[in-house]
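Engineer: Just dropping this structure here.
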Amino acid sequence: FELPVHVTTPPAVDGPTSAFENPQFSTAIGLLKYGHAVQSMAIAPSLLENISHKFTSIFRGFRL
């Protein structure tokens, strides 16, 4: 595919490491690490957005 790759070994972890040393699980571990990285980079809503959302949800409950 002519794409850059990064070959690495898993860091040392406590507990049973046989699952991390097995290449059979490398894709699953890589996807978990990617998801964690993407989630940590997500932009948190501002305080004003949080307050606006709360007021909107409160006033939606007052339907006449």
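Engineer: Restricting to segment 22-48, name every residue that is open to solvent by 100 Å² or more (accessible area, probe 1.4 Å) and over 14 Å from Thr9 (Cα atoms).
Structural biologist: Those that are open to solvent by 100 Å² or more (accessible area, probe 1.4 Å) and over 14 Å from Thr9 (Cα atoms): Leu31, Leu32, Tyr34, His36, Gln39, Met41, Ile43, Leu47, Leu48.
Engineer: Let me confirm something: among Pro45, Pro16, which residue is at pLDDT below 80 and in contact with a helix residue (DSSP H, G or I) (Cβ under 9 Å, 6 or more places away or on another chain)?
Structural biologist: Step by step, each of Pro45, Pro16 is checked, and only Pro45 is at pLDDT below 80 and in contact with a helix residue (DSSP H, G or I) (Cβ under 9 Å, 6 or more places away or on another chain).
Engineer: Further question on the same structure: So the check is Cβ under 8 Å with 6+ separation or different chains; which pairs have a first residue in segment 42-61 that's part of a loop (DSSP other than H, G, I, E, B) and a second one that's of a type outside the set (Phe, Trp, Tyr)?
Structural biologist: Pro45/His53
Engineer: Right, here's the next one. (1) hydrophobic (A, V, I, L, M, F, W, C); (2) outside any loop (DSSP other than H, G, I, E, B); (3) modelled with pLDDT under 80: which one isn't true of Leu32, the others all being true?
Structural biologist: (3)
The values are calculated or read from the model by the stated rules, or taken from the named source; none is laboratory data. Note that the structure is predicted; figures quoted are calculated from it, not measured. Methodologically, a virtual Cβ is constructed for each residue, glycine included, from the backbone with ideal geometry; neighbour enumeration extends over all protein chains shown. Only protein heavy atoms, including side chains, enter the accessible area calculation; ligands, DNA and RNA are left aside. Shrake-Rupley method; radii C 1.70, N 1.55, O 1.52, S 1.80 Å.
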